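Novice: Okay, here's the structure, questions in a sec.
Coordinate-derived values only; no laboratory data. Just so we're clear, the structure is a prediction, and the values are computed from it rather than from any experiment. Ideal geometry is used to build each Cβ from the backbone, glycine not excepted, and the neighbour counts take in all protein chains shown.
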Amino acid sequence: MTEQWIPIRYRGYWDVPRIFLSRFKEQLYLFDCPFSEELDEYPDVYSVYILPPQMDDDLPTDWTLLPGRATRVLGEVPVGSVQFDPTRRAAIQASVFELIRPLTAQSLNGHTNHDPSRHPVA
């Protein structure tokens, strides 16, 4: 099986991109791993969302607003499971899309008591 690299655009970086966009199979995906004040560190999972396709052309300056504009919350994927290119800034392996797991009783990024209006579910 050949490797398929999917380009990313990112903002925020601490060891790896902490929020990034990727287009795969005609969908625009958002991977988000914001700093947790509660944990006093970055969680070990990305929350994964689907954004409207046209969002690609009209991104806000503040990407922390993007989860609130998602059309669907897909679930989570461990940060360590995302294979980045050697620079960790240009692309990810397509195989990550098979690793996204639906949310369980815990909410996004391992937190409970999140604001559901900020994380729409389809």
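Novice: Looking only at the stretch 99-107, decide whether some residue is of a type in the set (Lys, Arg), surrounded by 14 or more Cβ atoms within 10 Å (Cβ to Cβ) and in contact (Cβ under 8 Å) with a residue 12 or more places away in the chain. If you could, list the steps in order and put the result at the bottom.
Specialist: To start, the set of residues in the stretch 99-107 that are of a type in the set (Lys, Arg) comprises 101.
Next, from what is left, pick out any that are surrounded by 14 or more Cβ atoms within 10 Å (Cβ to Cβ): none.
Within the stretch 99-107, not a single residue is of a type in the set (Lys, Arg), surrounded by 14 or more Cβ atoms within 10 Å (Cβ to Cβ) and in contact (Cβ under 8 Å) with a residue 12 or more places away in the chain.
Novice: Look at Tyr49 and say whether it is of a type in the set (Phe, Trp, Tyr) and closer than 21 Å to Leu103 by Cβ.
Specialist: Numbers: of a type in the set (Phe, Trp, Tyr): yes; closer than 21 Å to Leu103 by Cβ: yes.
Spelling it out, Tyr49 is indeed of a type in the set (Phe, Trp, Tyr) and closer than 21 Å to Leu103 by Cβ.
Novice: To continue, here is another question. What's the total number of residues in the stretch 70-88 that are surrounded by fewer than 17 Cβ atoms within 10 Å (Cβ to Cβ), touching a strand residue (DSSP E or B) at 6+ places or on another chain (Cβ under 7 Å) and within 12 Å of Pro17 (Cα to Cα)?
Specialist: Residues meeting the conditions: 3.
Novice: Restricting to strands (runs of 3 or more DSSP E) lying wholly in the stretch 27-89: which have 1 or more residues that are aromatic (Phe, Trp, Tyr)?
Specialist: Values: elements: 27-32, 45-51, 72-78.
Ranges flagged: 27-32, 45-51.
Novice: May I ask you to list the residues in the stretch 19-46 that are touching a strand residue (DSSP E or B) at 6+ places or on another chain (Cβ under 7 Å) and more than 21 Å from Arg72 (Cβ to Cβ)?
Specialist: Tyr42, Asp44
Novice: Assess whether Ile19 counts as being in contact with a helix residue (DSSP H, G or I) (Cβ under 9 Å, 6 or more places away or on another chain) and either in contact (Cβ under 8 Å) with a residue 40 or more places away in the chain or outside any loop (DSSP other than H, G, I, E, B) (or both). Before the answer, list the steps.
Specialist: Values: in contact with a helix residue (DSSP H, G or I) (Cβ under 9 Å, 6 or more places away or on another chain): yes; either in contact (Cβ under 8 Å) with a residue 40 or more places away in the chain or outside any loop (DSSP other than H, G, I, E, B) (or both): yes.
Yes; evaluated as a whole, the condition is true for this residue.
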